[in-house]
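Before any comments, here is the structure.
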Amino acid sequence: MNKLAERIAALIAAEGPLSIAQFMTLSLHDPEGGTYARDPIGRDFITAPEISQTFGELCGLWVVQAWHDQGRPDRPRLVELGPGRGTLMADALRAIAAAAPEFLSQAEIVLVETSPALEALQRDKLKISMADIAWQVRFDESLDDRALYLLTNEFFDCLPIRQFVKTERGWCERMVTLETGELAFALAPLAADPSFIPPDRVGAPQGGVYEIAPASLALTEEIARVIADKGGAALIVDYGYGEVGFGETLQAVGGHKFAELLTAPGETDLSAHVDFAALARAVRSGGAAAYGPVTQCNFLADLGIGPRAERLMIANPNEARVIAAAVDRLVNPKEMGALFKALSIAPKTAPTPPGF
Ligand code: SAH
């Protein structure tokens, strides 16, 4: 057991089993031993903006197009949730500066990041962009007074989920507890209130799993409310599913490989597939329109990743193969092209956002 596992075990011994959401939060965000206490990107997993600069550039152009389509609201706010190493924002700002300097000259830019280690990397990476950028640790009401253009990649997958398993006793929450001193999964003895289970999951077979990400749903609804009220658009890219399923998707990844979920908290990255249909419902409860999900492959192709990659290859002939291979990784359905999806939020009265 690592030190964080020992502390979690002590907490369970003192206070009883933890929900998976609580376990995920400790594993990811513990200030000493949590995954994001240091930089896991590249070591444990790799993300689209780190693979190819075209990803962040197209996200930047997406913002510019959505802003134009809505009549260029004054003093827009550009926000990124969970910016990792700051690469997506750096590439997006470069593209925005070239395509619409008048957006940047009025925009307020805010990065929402909980990890001090990653915030330091972002500050360093974005120094050269010369943009005026503010950091904060959560999306809150300070961001609800202007048109909001929001970007986020591989953020919702690491927000905490709870799991409920269909049993003869009803839907029982899966908890993290202790078994002979080791962290282990166990089902809560009492079934959850059935009204908690949405209608599309009620018919699950025995053993079927329902995953819910309460923090993701609340955050999505809040973002939708701001966009419905003040204008703007959000682009949420992540891996996940659009149809109802009954399987579990919580996973641990360390050193680019799948790992045990409970054995080394903080040394692996815990995440779960994003339930895009549930996010889209949260968008509608917030009073905005939801678009998608569309596959990352279709989304990037529609935004012109092909011509953009060609231009880069012509400008850097020695790198052409590397550029082509990186872009292929993003769009190939056997790699990230189909599993990753994009969802967009816009006001009901606004035109359809680009790529949807
Ligand atoms: N978007 C980046 C990084 C993805 S990793 C990329 O595509 O490369 C997830 C990011 O979300 C990290 O920056 C992590 O520190 C941040 N994060 C995780 N949970 C968070 C939370 N609850 N609030 C804000 N940031 C969070």
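No lab work stands behind these numbers, since they all come straight from the coordinates. In this text the structure is predicted, and so the values were computed from the model without any measurement. Cβ coordinates were reconstructed from backbone atoms using ideal geometry, including for glycine residues, and neighbour counts include every protein chain displayed.
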* **Partners for K341 among lysines (Cα-Cα distance below 25 Å; same-chain residues under 8 apart left out)** => K257
* What 222 nm value per residue comes from the helices of the chain, counting each DSSP H run with n ≥ 4 as -39,500 (n - 2.57) and dividing by all residues, nearest 500 deg cm²/dmol? -> -11000 deg cm²/dmol
* Structure fact -> Of the residues P205, I161, A234, the Cα lying farthest along the dipole of the stretch 140-237 towards its positive end, which is defined by charges on the beta carbon of Lys, Arg, Asp and Glu, belongs to P205
* In the stretch 129-201, which trypsin sites (Lys or Arg not before Pro) fall in coil by DSSP and have 14 or fewer other Cβ atoms within 10 Å? -> R138, R169
* To do: Place a +1 charge on the Cβ of each Lys and Arg in the stretch 102-158 and a -1 charge on the Cβ of each Asp and Glu, then give the dipole magnitude about the Cα centre in debye, rounded to the nearest 20.
  => 260 debye
* Asked: How high is the FRET efficiency from H29 to D69, r the C-beta distance, R0 45 Å, rounded to 0.05?
  -> 0.75
* Asked: What nm value, rounded to one decimal, do you get for the distance between T263 and E15 when each label is placed 7 Å out toward the C-beta?
  -> 2.7 nm
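Return the Rg/Rh value of the stretch 285-356, two decimal places, where both radii are evaluated on C-alpha atoms and Rh is the Kirkwood radius.
On the way: Rg = 15.1 Å, Rh = 13.5 Å.
Answer for the stretch 285-356: 1.12.
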* Structure fact -> In whole Hz, the Karplus estimates of ³J(HN,Hα) for the stretch 108-119 (6.51, -1.76, 1.60; θ = phi - 60°; x where Gly or Pro) are 9, 10, 10, 9, 9, 8, 8, 8, x, 5, 6, 4
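Which of rounded, prolate, oblate describes the stretch 223-356, given a ≥ b ≥ c as roots of the alpha-carbon gyration tensor eigenvalues and a/c under 1.5 marking rounded, otherwise prolate only if a/b is larger than b/c? Don't skip to the end; give the middle numbers.
Values: a/c = 2.30, a/b = 1.08, b/c = 2.14.
Verdict is oblate for the stretch 223-356.
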* To do: Measure nothing but the geometry: give the 0 to 90° angle between the long axis through the Cα atoms of 320-331 and the longest principal axis through the Cα atoms of the chain, rounded to 10°.
  => 50 degrees
* Percent relative contact order of the stretch 148-214, based on C-alpha pairs within less than 8 angstrom and at least six residues apart? -> 39 percent
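How big is the dipole moment of the stretch 232-322 about its Cα centre under a simple scheme where the beta carbon of each Lys and Arg is +1, that of each Asp and Glu is -1, and everything else is neutral? Debye, nearest 20, please.
On the way: 6 positive and 10 negative charges, 72 e Å.
That gives the stretch 232-322 a dipole magnitude of about 340 debye.
With +1 on each Lys and Arg Cβ and -1 on each Asp and Glu Cβ, and nothing else charged, work out how big the dipole of the chain is about its Cα centre, in Debye to the nearest 20.
Dipole size: approximately 620 debye.
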* Report, to the nearest 10°, how far helix 305-315 tilts away from the longest principal axis of the Cα atoms in the chain, using its own Cα long axis and a range of 0 to 90°. => 60 degrees
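Please sort by residue number the trypsin sites (Lys or Arg not before Pro) in the stretch 298-356 whose DSSP state is loop and whose Cβ has at most 16 other Cβ atoms within 10 Å. Write down the numbers at each step before the final one.
Values: sites: R308, R311, R321, R329, K334, K341, K348; in loops: K334, K348.
Passing both the DSSP loop test and the Cβ count: K334, K348.
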* Answer with one residue from P73, A37, S19: the one whose Cα lies farthest towards the positive end of the charge dipole of the chain, charges on Cβ with Lys, Arg +1 and Asp, Glu -1. => P73
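Hey, got a sec? Which GluC sites (Glu not before Pro) in the stretch 229-264 land in a DSSP loop and have at most 13 other Cβ atoms within 10 Å? Write out the running numbers ahead of the final one.
Values: sites: E243, E248, E260; in loops: E243, E248, E260.
Passing sites in the stretch 229-264 are E243, E260.
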* Dimensions (Å) - the chain, Cα atoms, principal axes, largest first -> 60, 43, 39
* **Gain on full stretching of the segment that runs from D132 to A192 - 0.36 nm per residue minus C-alpha separation** => 16.8 nm
* Footprinting exposure proxy for E50, E211 (fewest neighbouring C-beta atoms within 10 Å first) -> E50, E211
* Which ³J(HN,Hα) values, rounded to whole Hz and listed in residue order, are derived for the stretch 28-40 from phi using the Karplus coefficients 6.51, -1.76 and 1.60 in 6.51 cos²θ - 1.76 cosθ + 1.60 with θ = phi - 60°, glycine and proline given as x? -> 7, 10, 3, x, 9, x, x, 3, 8, 5, 9, 8, x
* What is the helix-to-structure angle for 87-99, meaning the angle in degrees between its Cα long axis and the longest Cα principal axis of the chain, kept from 0 to 90 and rounded to the nearest 10? -> 20 degrees
* List, in order, the whole-Hz ³J(HN,Hα) value for each residue of the stretch 19-25 obtained from phi through the Karplus relation with A = 6.51, B = -1.76, C = 1.60 and θ = phi - 60°; use x for Gly and Pro. => 6, 4, 4, 5, 5, 4, 4
* How many angstrom separate the Cα center of the stretch 236-250 from the Cα center of the stretch 2-61? -> 19 Å
